[in-house]
1. Take ILE179 and decide whether it is aliphatic (A, V, I, L, M), touching a residue at least 60 places away in the same chain (Cβ under 8 Å) and touching a His at 6+ places or on another chain (Cβ under 8 Å).
2. Condition first: touching a helix residue (DSSP H, G or I) at 6+ places or on another chain (Cβ under 8 Å) and of a type in the set (D, E, K, R). Can you find one or more residues in the range 157-165 that meet it?
3. Filter the range 120-148 for residues that are part of a strand (DSSP E or B) and without any contact (Cβ under 8 Å) to a residue 24 or more places away in the chain and give the result.
4. Could you check, for the range 159-175, whether at least one of its residues is under 18 Å from MET63 (Cα atoms), surrounded by fewer than 13 Cβ atoms within 10 Å (Cβ to Cβ), modelled with pLDDT under 90 and not aliphatic (A, V, I, L, M)?
5. Identify all residues within the range 81-99 that are buried (at least 16 other Cβ atoms within 10 Å of the Cβ) and either under 11 Å from the mean Cα position of the chain (by Cα) or under 23 Å from LYS162 (Cα atoms) (or both); write none if there are none.
6. Quick one: GLU125 ticks every box in (1) closer than 18 Å to LEU66 by Cα; (2) surrounded by 15 or more Cβ atoms within 10 Å (Cβ to Cβ) except a single one, so which number is it?
7. Just the residues that are surrounded by fewer than 17 Cβ atoms within 10 Å (Cβ to Cβ) and on the phi < 0 side of the Ramachandran plot, please, taken from the range 100-115.
8. So for the range 76-98 (the condition being of a type in the set (D, E, K, R) and in contact (Cβ under 8 Å) with a residue 60 or more places away in the chain), does at least one residue qualify?
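The values are calculated or read from the model by the stated rules, or taken from the named source; none is laboratory data. What you see is a predicted model, and the numbers here were worked out from it, not measured in a lab. Heads up, the Cβs are rebuilt from the backbone with ideal geometry, glycines too, and the neighbour counts pull from every protein chain shown.
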Amino acid sequence: MTDSSGDRLTRKVIERYSPKDDYYFPVHDEKLHCPISDTQWVPWTFEHTWFYPCYLNCHGNDMVILFKLKKGLGLHSHYHSGFTTAHTIQGKWIYKEKPENVFIPGSFDLEYPGTMHTVEILSEEPVLMFARIQGGFLFVDDMENGNIEMYQDAFYFYSEAKEYYEKSNREMLSHLHKISIASEKSLT
């Protein structure tokens, strides 16, 4: 059997596209006794939002991100080009379009591709949310028009994290390289 590039599927092919070692990192904030410091949270595009990259596959446009979202955030209406799952660790939030669905710690959300929504934070404490995103975020001007204003994918999150860590926390660059699958060119 061969892969799409014609390489025979063997353990060596799998190893070429896989990280070298399993990688474990703690997932909680200081409230849950975890050492994710303020300098490890990468500022996101929107006010009162940060992300912590857990896994970024720039080839397959697949990512796992821990988001930290505070009340008053400016997260625009958006949808995803692929399936997204989210697990709430801390805080309370809703989609403005479905306020009857309240997400609290332990809540799980499955978002189908193309489902448009707007996040609203209800709790005073920050929301911590683990999300696995296949494809990208497509941010729109508003729910009615749906004109795409911005697109963010695994390579966007990789680039933002790399730029931030190069300026603010160089020790985190090794974390970024361990959890990222990108071309050799993009890793340098």
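1. It is false that ILE179 is aliphatic (A, V, I, L, M), touching a residue at least 60 places away in the same chain (Cβ under 8 Å) and touching a His at 6+ places or on another chain (Cβ under 8 Å).
2. Yes, the conditions are met somewhere in the range 157-165.
3. Correct list: ILE148 only.
4. Yes, that holds for at least one residue.
5. THR84, ALA86
6. So GLU125 meets the others, but not (2).
7. Residues satisfying the conditions are GLU100, ASN101, VAL102, ILE104, PRO105, SER107, PHE108, ASP109, LEU110, TYR112, PRO113, THR115.
8. no
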